[in-house]
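> What follows is a single structure, and I will ask about it in a moment.
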Amino acid sequence: MTSPLLPNQFQNLNSFVEMWALATEQARNTRRRSTAMEEIQEFYEAMLPRMDEIIQYLNQYPLDGFPEDAQRLFYLALSFMEVSPAVELFGEPDESGVFDAARFNIMEPVVV
């Protein structure tokens, strides 16, 4: 038997897991910049009203102790934070007319 994608109370967000539950900042950043604004907006609107509840749920675990379903929920929350500026500030997947974000080298934290 496979585990559920997300914890029970967040099952309505399962449709976003494949696209947005990404483990690295680089992957989340790349996904935001390469996704149509309509898809970003849909994800943002689904996540926004649930963020307080998501944070409360995740706070019951240490960062290095999430069960698999909560880990995916954590990655969705991180992706929500990645896309928020696109929705709230830019109105597009990437801010145009500035330094090309693809040129940035995102350094992932080293886990010891």
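Throughout, read-outs are computed from the coordinates displayed, never taken from laboratory work. What you see is a predicted model; the values in this text were computed from it and never measured. When we count neighbours, we look across all protein chains shown, and the Cβ atoms used for this are built from the backbone with ideal geometry, even at glycine.
> What nm value, rounded to one decimal, do you get for the distance between residue 30 and residue 9 when each label is placed 7 Å out toward the C-beta?
Going by the 7 Å Cα→Cβ label model, 3.4 nm.
> If you don't mind, another one. Taking the beta-carbon count within 10 Å as an exposure proxy, list 24, 35 from fewest neighbours to most.
The fewest-first ordering by Cβ neighbours comes to 24, 35.
> Right, something else. Put +1 on the Cβ of every Lys and Arg and -1 on every Asp and Glu Cβ in segment 13-94; which of 15, 67, 54 then has its Cα farthest towards the positive end of the dipole?
The listed residue farthest towards the positive side: 67.
> On to the next question. Quick one: 34, 84, 79, 15, fewest Cβ neighbours within 10 Å first, how do they rank?
Arranged by neighbour count, lowest to highest, 34, 84, 79, 15 become 34, 15, 84, 79.
> Would you mind computing, in nm to one decimal, how far apart the modelled labels at residue 78 and residue 46 are, each placed 7 Å from Cα along Cα→Cβ?
Placing both labels 7 Å along Cα→Cβ, they lie 1.9 nm apart.
> Stick to the Cα atoms of segment 13-94, pair each with every other, and give me the Kirkwood hydrodynamic radius in Å at one decimal. Could you put the intermediate results ahead of the total?
On the way: mean 1/r = 0.0780 Å⁻¹.
Kirkwood hydrodynamic radius for segment 13-94: 12.8 Å.
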